[in-house]
Structure formats: C-alpha cells, structure tokens
Amino acid sequence: MTIQAGDKIPAVDLQFMGKDGVETINSSELFAGKKVALFALPGAFTPTCSASHLPGYVVQSDALKSKGIDLIVCLSVNDAFVMDAWGKQHNADDQVMMVADGSARFSKAVGLELDLDARGMGVRSQRYSMLVDDGVVKQLNVEAAGEFKVSDAETMLAGL
C-alpha cells in the first residue's frame with residue numbers, strides 16, 4: 001500500500017557518503033524534528049533525472065529553504081558511491097543530501113517501488129516528491145509512468 005499524507009515515515013536504514021566514507025542513517029532519524037523536501041527517482045545518471053529533476057532542486061534550494069525547508073533529500077535505488085558521484089557532478093554539495101536506498105527497502109516500505117526488471121534495471125523507485133514534517137508526510141506528488149510534471153522543485157515550492 002502506498003504511503004499517504006498523514007502517514008508516518010517507516011523506519012528504514014539508508015546510506016549516504018559522509019566525510020569518512022559511507023554512513024548509515026535510519027529514516028526515522030533523518031526526518032525527526034525537520035521539515036524535509038524529499039524527491040525520489042528511478043536512477044542516478046538517467047536522462048530526466050540528470051537533466052531536470054536533480055538540477056531543479058539544486059537551483060531552487062535557497063528558495064525552498066527560505067520557505068522553511070530544513071533539508072532537501074534526493075533518494076534513489078543506487079549505492080552511496082553512485083549517489084555521491086552524481087551529486088558532485090551536479091554541484092549538489094550542501095544544497096541536496098544524496099541518499100542511497102540501495103536495496104529498495106525504503107521504496108518498498110512506502111509502496112513506491114518500480115519493477116524495471118524487464119528492462120534490466122531491477123527494482124527502482126517511482127518518481128515522486130514528498131514534504132515530510134517531523135516524520136509525517138504532509139504532501140505526496142507521485143508521477144504517472146514516464147512523466148515529469150508534479151515531483152519537480154517548482155511544484156514543491158508552490159505547495160509550501
């Protein structure tokens with residue numbers, strides 16, 4: 001079942017690249033006490049994700065933070081090394097936290113996994129964005145298959 005506005009984020013371990021290498025953080029800790037704009041996508045270095053999704057949040061990071069967002073998180077079913085390299089390529093630096101859901105545990109727990117096994121990509125995340133306030137989903141924008149219309153930074157910004 002897909003997570004909905006009003007639901008609490010499930011507790012799942014995720015990875016990110018810290019100063020000393022790969023670090024693990026539980027999603028309950030990641031979202032606790034913060035207003036978080038999370039956007040998820042099928043894969044790092046893929047066309048729409050690289051051309052529009054991640055760059056849009058990097059460009060709009062200051063505007064989002066001026067509207068009360070404490071943390072912007074990019075999540076994909078890739079490993080922390082790939083997410084780190086992709087973030088560096090797009091100058092995400094301190095604007096967007098690049099988070100790896102390598103085994104799709106978070107994506108499955110929120111009911112937003114995408115089976116791309118027939119295309120040789122395995123289980124991925126659907127493309128979506130969500131506004132999470134202190135661990136509770138306040139807004140969820142899930143894209144229809146193959147579209148990029150409602151999970152972009154501008155839509156998130158307009159909803160704040």
Checked pairs for region 122-146, first within 15 Å of residue 57 (Cβ to Cβ) and among the aromatic types (Phe, Trp, Tyr), second part of a strand (DSSP E or B) and modelled with pLDDT of 95 or more, C-beta under 9 Å and 6 or more apart or across chains, list as 128/38; 128/39; 128/40; 128/140; 128/141; 128/142
Of the residues in region 28-58, those that are more than 17 Å from residue 140 (Cα to Cα) and touching a helix residue (DSSP H, G or I) at 6+ places or on another chain (Cβ under 8 Å) number 6
The residue that is surrounded by the fewest Cβ atoms within 10 Å (Cβ to Cβ), considering only those in region 6-19 that are over 16 Å from the mean Cα position of the chain (by Cα) and either of a type in the set (A, V, I, L, M, F, W, C) or outside any strand (DSSP E or B) (or both), is 19
If you go through 54, 64, 38, the only one that is buried (at least 21 other Cβ atoms within 10 Å of the Cβ), in contact with a His (Cβ under 9 Å, 6 or more places away or on another chain), at pLDDT 95 or above and of a type in the set (A, V, I, L, M) is 54
task = Kindly indicate whether any position in region 106-113 is touching a residue at least 12 places away in the same chain (Cβ under 8 Å), buried (at least 21 other Cβ atoms within 10 Å of the Cβ), closer than 18 Å to residue 25 by Cβ and among the hydrophobic types (A, V, I, L, M, F, W, C).
result = yes
From the option list 73, 22, 36, single residue qualifying as assigned to a strand (DSSP E or B), over 14 Å from the mean Cα position of the chain (by Cα) and among the hydrophobic types (A, V, I, L, M, F, W, C) is 22
Margin query: Looking at the structure I just gave you, is residue 118 of a type outside the set (S, T, N, Q) and either at pLDDT below 95 or more than 28 Å from residue 160 (Cα to Cα) (or both)?
Written below: yes
Within region 81-117, restricting to residues that are in a loop (DSSP other than H, G, I, E, B), closer than 15 Å to residue 129 by Cα and among the aliphatic types (A, V, I, L, M), the one that is nearest to the chain's Cα centre (by Cα) is 96
Filtering region 123-160 down to residues that are β-branched (Val, Ile, Thr), buried (at least 21 other Cβ atoms within 10 Å of the Cβ) and either out of contact with any strand residue (DSSP E or B) (no Cβ under 7 Å at 6 or more places or on another chain) or part of a loop (DSSP other than H, G, I, E, B) (or both) yields none
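The values are calculated or read from the model by the stated rules, or taken from the named source; none is laboratory data. Please read these numbers as outputs of a predicted model, since none were measured by experiment. No Cβ is skipped: glycine too gets one built from the backbone with ideal geometry, and neighbour counts run over all protein chains shown.
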